[in-house]
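Data block below; observations after.
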Amino acid sequence: MKKQLFSLLLLTSLFCACTDELSTSTDVVRMTPVNSTQSLEITASSSWTATSSESWLKLSDAAGKGNKSLTLSSRDNYSGASRIAQINIQEGKQTKTVIVHQDGGVVIVNEHFNDNAMNWITPADSVKTTINNSYFNIRSDAKFYANFVGTKSFVLLYAGDYMISTKFNIAFGTAPFGLTFGNKDANNFYRILVFQTGGITVSQKLNGIYNTIYSTTITNYQNENSLSLVKVGNQCTIYFNDLNMGKFNFSTPFGPYVGFYALPQTTVMVDYLKINQY
């Protein structure tokens, strides 16, 4: 009888030890570049703590007791390079590590204007372009009309998610800097204009007719400025000098062409053009 009781106690002890083991629903989590959240199930029998090794990865809970579902939220990754973080979970003397991979998308254009290998074109006699000292210099001598410059078919999956980023300096003149995207032809495209006087406007040209679809003011205009457009689903977000300037609806992308817009009597120096596809 004593042997049977001892065996029963031993089995019970072993069973309890097994159920006390700290575990997670997966050892590896993969996250998309933008707007990414994932769930991680924690199985534990007592109090535990959880920490993220990187600031770009946030956890819904830093501590808990027993079984719980954590929500993992990652900051958008526009770099084009993947990155890794660790989630470290501790329950008493037990530890568990979960690896988190976040994709950075695919860099499809990374033009720093070191040469003219991409054959940037001059569209009109009134617009002069040169590549010098790693800048794409666009000078428009036109008095009234704007012109596309170097517009190329870059974003083949233009109905998908992507980011366009550039940096520019207006060296002469008072006209705004222009960037065209979602461009199909001269009558169907989108255009961003950044005004030196402190404003950004986004226009849609549909069948030859312009319509302003978004505008906002800016107070951080500098000698050299960065501009990014991030498309996720049907929404586009504009970043100017790394500040979020707001969103607008982009449910009708016309085409894959991306390029610059030369405004009259103005010279612009473009530092780079980078496009990531997600």
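Computed from the coordinates by the stated procedures, all read-outs in this text should not be read as laboratory data. In this text the structure is predicted, and so the values were computed from the model without any measurement. Ideal geometry is used to build each Cβ from the backbone, glycine not excepted, and the neighbour counts take in all protein chains shown.
For this structure, a couple of remarks:
- Cα point-scatterer Debye curve for the stretch 116-206, base-10 log of I(q)/I(0) at q = 0.24 Å⁻¹: -1.66
- Dimensionless Rg over Rh [the stretch 145-278; C-alpha; Kirkwood]: 0.92
- Helix 2-19 and the longest principal axis of the C-alpha atoms of the chain enclose an angle of approximately 10°.
- Gyration tensor (Cα) of the stretch 22-102, equivalent ellipsoid semi-axes in angstrom: 24, 11, 10
- Rounded to the nearest 20 debye, the dipole magnitude of the chain is 380 debye, with +1 charges on Lys and Arg beta carbons, -1 on Asp and Glu beta carbons, and the Cα centre as origin.
- Listed residue (SER82, SER52, ALA175) projecting farthest to the positive dipole end of the chain, Cβ model: SER52
- When peptides 206-216, 161-171 are ranked by their average number of other Cβ atoms within 10 Å per residue, the highest-first order is 161-171, 206-216.
- Its alpha carbons considered, the stretch 103-162 gives a radius of gyration followed by a Dmax of 14.3, 46 Å.
- Local electrostatic count, ASN119, Cβ distance below 12 Å [Lys/Arg +1, Asp/Glu -1]: -1
- Note that the chain shows a convex hull volume over its alpha carbon atoms of 157 Å³ per residue.
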